[in-house]
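See structure below.
The values are calculated or read from the model by the stated rules, or taken from the named source; none is laboratory data. Values in this document were obtained by computation on a predicted structure and should not be read as measured data. Cβ atoms come from the backbone with ideal geometry, glycine included; neighbour counts cover every protein chain shown. Each accessible area value is taken on the protein alone, full model and side chains, heavy atoms only, with ligands, DNA and RNA left out. Shrake-Rupley method; radii C 1.70, N 1.55, O 1.52, S 1.80 Å.
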Amino acid sequence: MLYQLELFDVDKSDLQIKDEVNIYLDYLQTPNEAFSGMPVCPFLKAELQSYKLMIEVWRPGEKPLNKLWRKFFDSDFTSALFICMDTKELKWKDVPRDAYQKSIQGFLKNWSDESRKYKAILFSPFEERTAAGEPTRKKSPYFLINVATREELHLSHTKLLDSKYFDNFSEKELKKLKVKKDKK
């Protein structure tokens, strides 16, 4: 599979790009021993099956990001995944994920009462980050912006705390995710 890291192809259609991302989404739904036999993203399958995840390709310069936000907020989707494409002026490998995520969080908190309910989590394939030792983000073909309600993210996180999901995470990984592991 060719990743954006390896091939910059501005002629790819949205369908081709979404097909590449669907391969990544399949990976995220597959049981993985690093996560005690659970999928990397245990709640993704139900979200996809219920058609609650909006997936959009974003080409900066062609369409402002706030138009995608408005489309999402005006829809019946409960979460969104924005696939960020490189342009001549913007290379996502050069975008610091943490700073950009904080910027989007600030935007969501201040844009409207509606947007305040949401939280964005960004995934950069250019970032050295692991979960349970697994380089989950490096497997993404593109820089991604995932949006879900704060409430749903909290509920999902809480459910995982009562499972074996975090058993193989390092102390550093647990700290980044604000997970306190019980010593048994």
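For the stretch 128-145, give me each residue that is over 16 Å from THR30 (Cα atoms) and either among the hydroxyl-bearing types (Ser, Thr, Tyr) or open to solvent by less than 40 Å² (accessible area, probe 1.4 Å) (or both).
THR130, PRO141, TYR142, PHE143, LEU144, ILE145
Does the stretch 87-135 hold any residues that are aliphatic (A, V, I, L, M) and under 14 Å from the mean Cα position of the chain (by Cα), and which are they?
ILE104, ALA120, ILE121, LEU122, ALA131
Output the residue which, of all residues in the stretch 86-96 that are part of a helix (DSSP H, G or I) and in contact (Cβ under 8 Å) with a residue 40 or more places away in the chain, is nearest to ARG59 (Cα to Cα).
Top of the filtered list is TRP92.
Could you please find all residues in the stretch 163-184 being of a type in the set (D, E, K, R), assigned to a loop (DSSP other than H, G, I, E, B) and at pLDDT below 90?
Within the stretch 163-184, LYS178, LYS180, LYS181, ASP182, LYS183, LYS184 meet the criteria.
What are the pairs with Cβ atoms under 7 angstrom where one residue, in the stretch 139-155, is outside any helix (DSSP H, G or I) and the other, located anywhere, is surrounded by fewer than 21 Cβ atoms within 10 Å (Cβ to Cβ) and of a type in the set (Lys, Arg)? Sequence gap at least six, or different chains.
ALA148/LYS119; THR149/LYS117
What residue, among those in the stretch 22-46 that are in contact with a Leu (Cβ under 6 Å, 6 or more places away or on another chain) and touching a residue at least 40 places away in the same chain (Cβ under 8 Å), is farthest from THR158 (Cα to Cα)?
LEU28
Please name all residue pairs, on different chains or six or more residues apart, with Cβ atoms under 9 Å, provided the first residue is in the stretch 47-66 and is closer than 16 Å to PHE77 by Cα and among the basic types (Lys, Arg) and the second residue is open to solvent by 60 Å² or more (accessible area, probe 1.4 Å) and not in a loop (DSSP other than H, G, I, E, B).
What qualifies is LYS52/ALA46.
Conditions: (1) among the hydrophobic types (A, V, I, L, M, F, W, C); (2) modelled with pLDDT under 95; (3) within 20 Å of PHE82 (Cα to Cα). ILE145 meets all but one. Number of the miss?
In the conditions (1) among the hydrophobic types (A, V, I, L, M, F, W, C); (2) modelled with pLDDT under 95; (3) within 20 Å of PHE82 (Cα to Cα), ILE145 misses (2) alone.
Could you list, in sequence order, the residues of the stretch 8-37 that are open to solvent by 50 Å² or more (accessible area, probe 1.4 Å) and within 12 Å of GLU134 (Cβ to Cβ)?
THR30, GLU33
Step by step: first the residues of the stretch 103-123, then only those that are of a type outside the set (S, T, N, Q) and in a helix (DSSP H, G or I), then the one that is surrounded by the fewest Cβ atoms within 10 Å (Cβ to Cβ). Which residue is that?
GLY106
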